[in-house]
Amino acid sequence: MVLGVEISAISLLLLLASSASAQDGVFDIKKYNPKADIAEALSAAFKDACASATPSKVVVPAGEYTMGPVDMKGPCKSTVEVQVDGNLKAPAEPKGEPGWVSFEYIDGLTFSGKGVFDGQGHIAWANNNCNKNPNCKSFPLNFRFTSLKHALIKDLTSKDSKNFHVNVINCENVTFQNFVIDAPAESLNTDGIHMGRSKDIKIIDSKIGTGDDCISLGDGSEQVTVTGVTCGPGHGISIGSLGRYDNEQPVRGVFVKNCILKNTDNGVRIKSWPAMKGGEASDIHFEDITMENVTNPVIIDQEYCPWNQCTKDAPSKVKISNVSFKNIKGTTNTPEAVKIICSSALPCEQVELNGIDLKYTGTQGPAKSECKNAKLTITGTLNPPGC
Ligand SMILES: *[C@@H]1O[C@H](CO)[C@@H](O)[C@H](O)[C@H]1NC(C)=O
Ligand SMILES: *[C@@H]1O[C@H](CO)[C@@H](O)[C@H](O)[C@H]1NC(C)=O
Ligand SMILES: *[C@@H]1O[C@H](CO)[C@@H](O)[C@H](O)[C@H]1NC(C)=O
């Protein structure tokens, strides 16, 4: 059996030669001689995994690490999983990179693990003057997901991002599951998950606490499902703002169900800028939502104009239609629990209020619901009354 021994020795040598770092398609960053900053090791491991003709996995094992910006770019030869169980810290002082961790042009990505991605945003928030200066310096996002198809992002935590935690652009079929976003209420401009020009996006069983919108849907968001999400602190779940830029794509088909909003500014909201540009938001449905101590729990605001960046002298050119708010319960801390303020030029059509029961907990009562320029259907309870 000398021959057999020789053959297995040769195949062992071939195996070692063909892949210095992978075993069964697993690319552990520890095999890439990581330095104090693991950015290079992770990039190299991803590159090898991406070149693998069979499904592969990159692993960042449990531990504490620092890491500079990493851009993981496809197309890859097969599906890739990136499993991060370690806790990563971003550089406190960024060098102008748009994002800290970026994934681009990958078909079949799983991004998973127990890891916490700490963006170390405190310095950035303190220096953020974007509410006064439209040309303000922009800080990196924790995660950029660009042009992905069929991706699953699960179990990870995004903490203290310097800017938005997550931006999903030009993606299709991306699911966030058991994803955690954790930043304080005072962190400026830190939207949780923002998406735009993307289709078939799901956010499931996730916990989002941050200083701006928990979830925001920009133009071109289609077929979006949000279920089992707890939001707070934060500015709620928002469609828009729309109508600010030229050539915005419609937002169509949004289902938000079984969510809890806790101590948030705004609950569920659709917002568009007055005057300015056109746009469309349709087929948007909010159902089985619990509000706990929320400011403006139910709101369509077509006069959205923060920091006086616009004039309100002309109505919004964004058309809103087929919107329902069903079974929305809990408490509000402003007397205006329901506020449907649509455009006088393009009134909202097919807006349904069905089973709204919001108790006002403050002292500036009485509470009321207010509706303007909307074709409404009201069924079941409407508490507080109005509209
Ligand atoms: C969406 O992506 C997942 C992988 O995350 C895949 O299993 C599923 O089949 C895809 N769905 C569609 C409709 O392509
Ligand atoms: C309203 O939206 C729902 C969900 O997308 C859709 O099934 C329905 O056809 C829409 N109704 C109209 C009249 O557009
Ligand atoms: C309710 O919300 C208000 C305003 O956001 C906040 O000041 C207050 O602390 C909250 N109350 C509780 C019990 O969390």
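Residues to consider are LYS95, LYS89, LYS159, LYS132; find the one that is closer than 29 Å to PHE27 by Cα and either at pLDDT below 95 or within 16 Å of ligand 3 (Cβ to nearest atom) (or both). Talk me through it step by step, then tell me what you get.
Working: LYS89 fails: either at pLDDT below 95 or within 16 Å of ligand 3 (Cβ to nearest atom) (or both); LYS159 fails: either at pLDDT below 95 or within 16 Å of ligand 3 (Cβ to nearest atom) (or both); LYS132 fails: closer than 29 Å to PHE27 by Cα.
It is LYS95.
Report those strands (runs of 3 or more DSSP E) wholly inside region 88-196 carrying at least 3 residues which are touching a residue at least 40 places away in the same chain (Cβ under 8 Å).
Once the strands (runs of 3 or more DSSP E) in region 88-196 are filtered for at least 3 residues that are touching a residue at least 40 places away in the same chain (Cβ under 8 Å), what remains is 99-104, 107-112, 116-118, 141-146, 149-154, 157-159.
Within region 181-204, can you find the residues that are β-branched (Val, Ile, Thr) and within 11 Å of ILE153 (Cβ to Cβ)?
Once the filter is applied, which keeps residues that are β-branched (Val, Ile, Thr) and within 11 Å of ILE153 (Cβ to Cβ), region 181-204 yields ILE193, ILE201, ILE203, ILE204.
Quick one: in region 297-326, of everything that is more than 29 Å from ASP246 (Cβ to Cβ) and touching a residue at least 60 places away in the same chain (Cβ under 8 Å), which residue is farthest from ligand 2 (Cβ to nearest atom)?
Ranking the qualifying residues of region 297-326, first place goes to PRO297.
For the condition basic (Lys, Arg) and modelled with pLDDT of 95 or more, what is the one hit in LYS312, LYS317?
Working: LYS312 fails: modelled with pLDDT of 95 or more.
Residue meeting the stated conditions: LYS317.
Filter region 167-193 for residues that are of a type outside the set (S, T, N, Q) and within 17 Å of CYS259 (Cβ to Cβ) and give the result.
Taking region 167-193 and keeping what is of a type outside the set (S, T, N, Q), we get 168-169, 171-172, 174, 176, 179-186, 188, 191-193.
Selection gives PHE176, PHE179, VAL180, ILE181, ASP191, GLY192, ILE193.
Please find, within region 194-212, the residue that is surrounded by the fewest Cβ atoms within 10 Å (Cβ to Cβ) out of those that are under 9 Å from the mean Cα position of the chain (by Cα) and farther than 17 Å from ASN258 by Cβ.
HIS194
Starting from region 335-346, take each residue that is more than 15 Å from SER321 (Cβ to Cβ) and list its partners that are basic (Lys, Arg) and surrounded by fewer than 20 Cβ atoms within 10 Å (Cβ to Cβ), counting only C-beta distances under 7 angstrom and pairs at least six apart or across chains.
PRO335/LYS368; GLU336/LYS368; ILE341/LYS372
Determine whether GLY115 is on the phi > 0 side of the Ramachandran plot and under 23 Å from the mean Cα position of the chain (by Cα). Can you show your working first?
Values: on the phi > 0 side of the Ramachandran plot: no; under 23 Å from the mean Cα position of the chain (by Cα): yes.
No: the conditions fail for GLY115.
Residues checked against (1) basic (Lys, Arg); (2) buried (at least 17 other Cβ atoms within 10 Å of the Cβ); (3) assigned to a strand (DSSP E or B):
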| residue | (1), (2), (3) |
| --- | --- |
| PRO274 | no, yes, no |
| GLU280 | no, yes, yes |
| ASP283 | no, yes, yes |
| ASP288 | no, no, yes |
| ASN293 | no, no, yes |
| ILE300 | no, yes, yes |
| TYR304 | no, yes, no |
| TRP307 | no, no, no |
| THR311 | no, no, no |
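Only residues that are of a type in the set (Lys, Arg) and under 20 Å from THR381 (Cβ atoms): list them for region 309-357, please.
LYS326, LYS329, LYS339
What number goes with the only condition from (1) surrounded by fewer than 18 Cβ atoms within 10 Å (Cβ to Cβ); (2) under 22 Å from ILE260 (Cβ atoms) that LYS375 does not pass?
Against the list (1) surrounded by fewer than 18 Cβ atoms within 10 Å (Cβ to Cβ); (2) under 22 Å from ILE260 (Cβ atoms), LYS375 comes up short only on (2).
Residue check: is VAL323 part of a strand (DSSP E or B), assigned by TED's automatic domain parsing to the domain that holds THR379 and farther than 19 Å from THR264 by Cβ?
yes
So which residues in region 219-267 are away from ligand 3 (no atom under 16 Å from the Cβ), basic (Lys, Arg) and farther than 16 Å from SER321 by Cα?
ARG244, LYS257
The values are calculated or read from the model by the stated rules, or taken from the named source; none is laboratory data. Computed from a prediction, not measured in an experiment: that's the story for all the values here. All Cβ positions, glycine included, derive from the backbone under ideal geometry; neighbour counts span all protein chains shown.
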